[in-house]
Amino acid sequence: MFIAGYAVVAGAAERLVLGYDSFGNVCGRKNSPVKGAPLSGQDMTNKKYVFFLNSCNLEMQSSLSLCVSSCPQEQLNSLEDLQGFARINGSSLCVYNLNVSSYTLNPKASELCPTLPVPPSKSFPLFNRCVPQNPECYSKYASTLINMVNEMDALHRILAGILTGRDTVIGLSVLSLALSFILVLTFTFIRTLLVHTLIALVVFGLLFVSGVLWWLYYDYRNDPSTELETEKENIKFLLGYAVFSTVVTVVLLSLILVLRKRLRFTVQLFRMVNKMISRIPFLLFQPLWTFLILIVFWVFWVAVLLSLGTAGTAQITSGGQVEYKTVSGIRYMAWYHFVALIWTSEFILACQQMTIAGAVVTCYFNRNKNSPPRHPVLSSISVLFCYHLGTVVKGSFLITILRIPRIFLLYIYNFLKQKENACGKCLFKSCCGWFWCLERCLRYFNQHAYTTTAINGTDFCTSAKDAVFILAKNSAKIASIICFGGFIIFLGKVFVVCFTVFGGLMAFNYHRELQAWVVPLLLVGFFAYVVSHSLLSVFEVTVDALLLCFAVDMETNDGSAEKPYFMDQELLTFVTQSNKLTEEQKHRSMKPLQDNEDGTELQPMT
């Protein structure tokens with residue numbers, strides 16, 4: 001909290017995009033005075049644009065800049081024209097301490113006002129600058145602006161891209177939320193046709209997004225006007241996105257082809273899941289609270305990140321002007337801030353998983369199915385906060401410590417890729433793959449450990465050990481059901497991410513020149529996945545919890561009068577039919593081998 005508080009106080013993220021004048025005032029904001037700068041502390045609420053007094057011979061480090069309410073649309077040739085423009089438009093183009101009535105009377109007006117003639121200019125939305133429209137002035141201005149952007153370090157370019165595209169990021173996050181809600185309704189009223197439609201949309205989305213990424217990469221790479229570092233970074237990341245998207249597309253299409261024959265069991269599985277949810281209808285509202293908590297946390301996290309990246313101290317130069325010197329030490333705390341993003345997000349999602357698992361366990365192990373327990377969700381939340389917060393902290397921490405090395409190894413891999421070190425690339429790429437597999441396995445067992453904790457009330461380590469034992473003993477009965485049910489839900493998440501990323505590609509490509517949009521697009525994809533995961537995890541956790549309860553029920557009961565099952569007959573019939581299909585497929589795959597064990601009789605050729 002100390003880091004966050006200091007970052008917010010020391011940082012001024014608005015300076016990156018909103019712009020600021022030579023006296024330390026951020027345009028479009030009410031400012032606080034800077035000691036030693038008499039023209040600081042101005043109320044610039046209605047003055048949103050940065051105007052340079054010598055835009056035709058611009059040097060960003062030395063040219064005087066002001067905040068103005070509007071840019072001059074026509075050329076101004078004299079001080080009288082400047083005075084008339086200020087009175088008609090309410091926009092003073094001279095230094096703040098020079099009164100409008102003194103423009104033609106003050107002998108120092110030529111030093112405090114812009115160089116004449118003032119070329120016509122137009123406000124540019126990206127950096128809120130008044131950009132001259134005179135061809136000669138524009139070329140010089142653009143050249144200086146390009147140099148300024150190229151001289152920014154990577155962090156500032158990324159933060160500028162985030163701030164510039166903040167409205168787009170918010171809009172795309174709302175789009176991902178809407179798509180996730182549509183999928184929740186789809187899974188609630190799922191039918192065979194809806195499953196086929198979802199798979200068709202996912203296939204179309206994967207192919208389309210991969211095609212758009214390769215097309216954009218080709219378009220950027222063959223653009224002769226590519227000068228900015230932001231454009232070069234966009235080209236590099238576009239190639240990475242395109243390769244990753246293509247690999248994911250090939251893998252998912254192969255899995256869809258292999259698992260296509262189990263679609264009818266998906267409908268039955270979700271019918272039973274919806275039957276369980278109908279007993280606990282408030283489960284469908286649980287992701288809304290999780291989503292709201294995540295949104296509040298993400299907004300706070302991004303605000304602190306922007307403040308960390310722009311934390312600086314004001315220094316007074318000659319003439320009462322202000323320059324901001326970057327604080328170097330605090331910027332390394334962004335790594336700590338990044339770890340907090342992963343751990344806290346995983347902790348919030350783990351709390352939701354624990355709540356859903358607890359409610360499902362309470363209803364499953366209830367003898368009277370016609371009279372379900374009262375308020376199972378509230379009861380599960382109460383038990384979580386009273387007894388099991390340590391369990392979700394440990395589970396989320398384990399995922400965090402696996403993900404951070406993977407990100408670090410991926411960074412080294414990209415560095416070696418630029419150095420064309422083939423041996424190092426293969427080594428670190430393999431390590432990244434292993435860490436990814438470990439993270440997936442750990443996430444899978446964490447979820448079952450939470451369910452076992454809800455059943456037995458044991459701690460995290462004991463629950464994880466019991467969950468592994470139960471899953472290993474009953475893997476033949478429930479493994480294929482869990483995998484395929486989870487695969488369909490995962491396809492739903494891919495659907496949300498694909499169409500959200502496609503919207504982001506179209507929106508961010510509109511301002512490709514001065515905006516490093518690859519990181520905002522990555523944030524959009526991450527937010528879309530987490531949003532869809534938080535909403536669809538109701539079905540995912542319910543499936544896993546239901547089948548783990550089934551395995552525990554089979555372990556402790558035998559269906560006799562003394563030890564009757566807790567499960568209903570429909571669930572038992574479904575698991576039996578699914579296992580029968582699996583056995584038939586195994587037998588069919590082994591049959592050709594058995595038929596040919598003694599050799600095949602050759603028929604004479606005719």
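From the backbone phi of region 107-117, what are the Karplus-calculated ³J(HN,Hα) couplings (6.51 cos²θ - 1.76 cosθ + 1.60, θ = phi - 60°) in whole Hz, Gly and Pro given as x?
Karplus values, whole Hz, x for Gly and Pro: x, 9, 4, 5, 7, 9, 10, x, 5, 8, x.
Report the full-extension gain for the segment residue 569 to residue 275: residue separation times 0.36 nm, less the Cα-Cα distance, to one decimal in nm. Walk me through the numbers on the way to the answer.
Values: separation 294, 0.36 × 294 = 105.84 nm, distance 1.30 nm.
Here the segment from residue 569 to residue 275 would lengthen by 104.5 nm.
Can you compute the FRET efficiency between residue 110 and residue 297 using 1/(1 + (r/R0)^6), with r the Cβ-Cβ distance and R0 = 41 Å? Round to the nearest 0.05.
Once the sixth-power term is evaluated, E becomes 0.15.
At a Förster distance of 56 Å, what's the computed FRET efficiency of residue 255 paired with residue 133, Cβ-Cβ distance as r, to 0.05? All intermediate terms of the calculation are to be shown ahead of the outcome.
Values: r = 55 Å, r/R0 = 0.99.
E between residue 255 and residue 133, to the nearest 0.05, is 0.50.
For region 356-395, rounded, prolate or oblate, judged on the Cα gyration tensor with a ≥ b ≥ c (square roots of eigenvalues), a/c < 1.5 rounded, else prolate if a/b > b/c?
Details: a/c = 3.78, a/b = 2.35, b/c = 1.61.
It is prolate, given that a/c is not under 1.5 and a/b is the larger ratio.
Report the label-to-label distance for residue 469 and residue 98 in nanometres (one decimal), using points 7 Å from each Cα along the Cα→Cβ vector.
8.5 nm
Along Cα→Cβ, 7 Å out, is where each label goes; now give me the distance between the ones at residue 236 and residue 522 in nm to one decimal.
1.1 nm
With a point put 7 Å past each Cα toward its Cβ, work out how far residue 318 is from residue 366 in nm, to one decimal.
With each label point 7 Å from Cα toward Cβ, the separation is 8.1 nm.
The numbers here are math on the coordinates, done by the rules we state, and not lab data. Owing to the predicted nature of the structure, the values given are computational and were not obtained by experimental measurement. A quick note on method: Cβ atoms are made from the backbone with ideal geometry, for glycine too, and the neighbour counts reach across all protein chains shown.
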